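Laboratory data are not the source of any read-out in this text; all were calculated from the coordinates shown. Note that the structure is a prediction, hence the values are computed from the model and not measured. All Cβ positions, glycine included, derive from the backbone under ideal geometry; neighbour counts span all protein chains shown.
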Amino acid sequence: MDEIAAAADVSRRTIYTYFPALDQLLIDATARALHEPPVEAALADPALADDPAGRVDALIRTLLAYSPQSLPLGRRMIRLTVDTPTSDTREPGNPIRGHRRVEWLEQACEPLRKTLSEAAFQRLISALTIVVGWEAQIALRDVRGLGPQAEEEAITWAARVLVEAAIEEHEASADVG
């Protein structure tokens, strides 16, 4: 960790803030070294410009296409983050991992940022974080025993329901006001 801190020109404390263990740092570096899913290309489809549910669907399809190479690493990262000591003093809003997932979900839902309140938008992103990612895949595979096609259908359905519920809630509140 000393060598990494020196090479990055940061303190050891900074390294440990983001990576409590060397394993976690190495896994994150490996994850970034994997070929990045072409999320930006999937979200740039002009046909989906004003379709947040379609954009989330495209994001899910893209991430699941890279699942065979990334899910084993995801299992390891989850194990490391679950095994983080309970004495963890990280401030709320400073997650252990998942920065890219949140950014991608925010990009996918960008058309809703104009219409939803900031609180409603953030609640939607939080809810989508539960159903889009390695954790959902692991639950669907290990607990439900689903194959890749059924897994994609379940994740896509759940994400679409969340997006549609956020839109309906906004429209209902607009009708009242």
>> I need to check one value: relative contact order of the chain, counting alpha carbon pairs closer than 8 Å and at least 6 residues apart, in percent.
In response: 25
>> Tell me which DSSP H helices of the chain clear both cut-offs, 27 Å or more of axial length from alpha-carbon atoms and a mean Kyte-Doolittle hydropathy of at least -0.5.
In response: 148-176
> When the chain is treated as a GNM, springs tying every alpha-carbon pair under 10 Å, which of Gly54, Gly133, Gly147 comes out with the largest mean-square fluctuation?
Replying inline: Gly147
>> Using only DSSP helix segments of four residues or longer, with each worth -39500 (n - 2.57), what per-residue ellipticity at 222 nm results for the chain after dividing by its residue count and rounding to 500?
In response: -21000 deg cm²/dmol
>> For the chain, I need the span (max minus min coordinate) of the C-alpha atoms along each principal axis, in Å, sorted largest to smallest.
In response: 57, 39, 33
>> In the range 114-128, whose amide N lies under 19 Å from the spot 7 Å out along Cα-to-Cβ of Val176? List them in ranges.
In response: 115-124
